[in-house]
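A quick write-up on the structure given underneath.
What follows is calculated from the coordinates using simple rules that are stated; it is not laboratory data. As the structure is a prediction and not an experimental result, all values here were calculated from the model. Heads up, the Cβs are rebuilt from the backbone with ideal geometry, glycines too, and the neighbour counts pull from every protein chain shown.
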Amino acid sequence: MNDLIDIDWEQLHQVSEYDPEFELELLTMLAADVKIHIADLRQAVVDRDAIAIFDQAHYIKGASANVGITSITALAQQLETLARDRHLADTAALVEQMAIDLGYLETYLATRHEIG
């Protein structure tokens, strides 16, 4: 299942100091946090609020990069750039792709918790 979500394992291992339980905890906390920020992003897109889109995307980019979730990091970077340049037309699609990728992460985590 983890082939649906791009994870930089070396980054995650470095942050967790190679502790698999801590890795699951970090990823679980990230998933919960990103879910909240995606809801805020969706509202910012509806409101066409470039500043809020930028701020939410910037936060998600940093948080996901810290633990190596490269697919979500890349989407957040794209959103950040679009918001900065005030090109908001494609932002909704990127937010929805981010939600899909978050779903893949949540599915991966659910399978890891079942195994552990």
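When shorter helices are ignored and each DSSP H run of at least 4 residues is given -39500 (n - 2.57), the per-residue value for the chain at 222 nm works out to -27500 deg cm²/dmol. I need the shape label for the range 1-50. Rule: rounded when a/c is under 1.5, else prolate if a/b > b/c, else oblate, with a, b, c from the alpha carbon gyration tensor. Note, shape of the range 1-50 comes out prolate. Computed on the chain, with alpha-carbon pairs under 8 angstrom and 6+ residues apart, the relative contact order is 35 percent.
Applying 1/(1 + (r/R0)^6) with R0 = 25 Å to the Cβ-Cβ distance of Ala52 and Asp6 gives a FRET efficiency near 0.45.
For the chain, the membrane-span-like helix rule (DSSP H, alpha carbon extent of at least 18 Å along the helix axis, mean Kyte-Doolittle at least -0.5) picks out 20-47, 50-66, 70-84, 91-115; this says nothing about an actual membrane. Computed from point charges on the beta carbon alone (+1 for Lys and Arg, -1 for Asp and Glu), the dipole magnitude for the chain about its Cα centre is near 480 Debye.
For a label point 7 angstrom out from the Cα of Ile36 toward its Cβ, which stretches of the range 57-84 have the backbone nitrogen within less than 13 Å? Residues passing the 13 Å test: 60.
Mean-square fluctuations from a GNM of the chain, with a 10 angstrom spring cutoff on Cα atoms, peak among Val34, Val46, Val95 at Val46. In summary, the chain shows an alpha-carbon radius of gyration equal to 1.06 times the 2.2 N^0.38 Å reference for compact globular proteins.
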